[in-house]
1. Counting just the residues of segment A:22-77 that are under 18 Å from the mean Cα position of the chain (by Cα) and more than 11 Å from chain B (Cβ to nearest Cβ), which one comes out surrounded by the fewest Cβ atoms within 10 Å (Cβ to Cβ)?
2. Could you please find all residues in segment A:86-114 being hydroxyl-bearing (S, T, Y), modelled with pLDDT of 90 or more and loosely packed, with under 12 Cβ neighbours inside 10 Å?
3. Do we find a residue being at pLDDT below 90 and within 11 Å of chain B (Cβ to nearest Cβ) anywhere in segment A:4-21?
4. I'd like the residue in segment B:59-81 that is assigned to a strand (DSSP E or B) and of a type in the set (A, V, I, L, M, F, W, C) and, out of all such residues, is farthest from the other protein chains (Cβ to nearest Cβ).
5. Every residue in segment B:112-130 that is of a type outside the set (A, V, I, L, M) and in a strand (DSSP E or B), please.
6. For segment B:120-149, how many residues are of a type in the set (A, V, I, L, M) and either surrounded by fewer than 17 Cβ atoms within 10 Å (Cβ to Cβ) or at the interface with chain A (Cβ under 8 Å from one of its Cβ atoms) (or both)?
7. Would you confirm, using the coordinates I've provided, whether A:V172 is more than 17 Å from the chain's Cα centre (by Cα), modelled with pLDDT of 75 or more and not in a loop (DSSP other than H, G, I, E, B)?
8. Among B:I113, B:I104, B:I88, which is among the aliphatic types (A, V, I, L, M) and either within 9 Å of chain A (Cβ to nearest Cβ) or closer than 18 Å to A:Y38 by Cβ (or both)?
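The values are calculated or read from the model by the stated rules, or taken from the named source; none is laboratory data. Being a predicted model, the structure only gives us computed values, none of them experimental. For neighbour counting, all protein chains shown are included, and Cβ atoms are generated from backbone atoms with ideal geometry for every residue, glycine included.
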Amino acid sequence: MKRSIACALAVMTMASVPMAVYADNVTVLTTTVPDATYTLNIPADQEIAFGTTSKMLGAVTVTESSGFALGKNLKVTVEHTDFVAENVSTTIPYTLKGYMTEGYISPQEYDLSKGLIFYGRSSYDNLGEYPEGEDEMQRHDITNIKFSAKSSDWGRALGGDYHSEITFTAEVVVE
Amino acid sequence: MEIRKSNTRYAKIGTCIILIVICLILLLCKCSSQEDFTEASTTSQSVGIVSTSSIAIPGYEGITLKANTKRQDVCLANPSSNQCVFRITLCLEDGTILWESDEILPGEKSKPIKLKQKLEEGTYPKAKLQYACFKMNEERTPLNGAETVLTLRVKE
C-alpha cells in the first residue's frame, strides 16, 4: 500500500515537471485592434412632385473614417418603403439605383441591391479607391441616388399626401 | 469787458469739451460695430457650411459596454453639422431593444446609456444602432434614417 502510494506520488511529480517546463517556454502576446469609425452621409429628404418618373436624390458618402485598410471595407445597403398616405388604400412604388457619371462617357446605373462598397486602402487610413480588377460598379464614388417611378403608378394613385422613408444600413465587412 | 472775455473763453472750452465727447461716442460706436462684425464672421467660420440636404450619421465598428449593470458611460452624439433631430435605438441582432434615446439636438449628446436589461460579459455581433431623423419643426416630420451594424463588447 505504501509502495503504491509512493509510486503514484512519484508519477504525479514526474508528470508535473514537463508541464512546468512547457509553461515556461510559452510567450503570450496580446494586442487590441481599434474599432473602425466613420461618418455616413445620406440624403435627408426630397419633395417628389406628382408624376415624377426620374429624379436625383443626392449622394451617399463616407467621411471622417479611420481604422479601415485593404480588405476591411464598409458596405452600405439601401432599402425603402413605397409611398403611402394616411387613410388611402393606394401606394406608389418606386426604385432606387446608384447613378455614376464620373469617369464614364455615358452615365452608369448601378443596382443598389448589391450594396455600395466603400473600400479600405492599403494604409490604415481613410476609405478610398477601389482595388484594381474589382467590379467597377462597386465604387466608393457613387455620385447620386436615382429615383425612378412609373407614370402608370402615379396615375392610379388616389389623392393624398404620400410619404416614403429610405433607410441606409452600414456595416464594416472584411473580404 | 473782462467778464465778456471770460464768458467767451468758457463758451469755447465748453464747445471743445462737447465736441470731444461727441467724437469719443462716435469712436466707441464704430469700435463696437466692428467687434460685432468680427464675432459674426468668426461664428460663421466656426459653424462651417451647414447643409440641409444631407444627414451625417456617426458609425462605429463596435462599442464597449459594462457587464451586469444597466448604467453605462457611453453617450451618442448628433453632429453639429446636422439640421435634424436624432432618436437613436440600440438593439441586439434578434431585435431586442436595449436602449432608446430621448431627442438629441444637433451638436448635443444623449444622456449616458441606461440599458433596459443587463448584459452578461461577452461579444454580441450584429447589434444595431438605428437612427431615426426628424425635421426640427413642431410636427417632427420624419426624414430618411439609417442603421449601423456593430459589435457590442461587454466587459466587467
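1. That would be A:G71.
2. Residue satisfying the conditions is A:S89 alone.
3. no
4. Only one residue fits best here, namely B:L65.
5. Result: B:K114, B:G122, B:T123, B:Y124, B:P125, B:K126, B:K128, B:Q130.
6. So the count comes out to 4.
7. no
8. It is B:I88.
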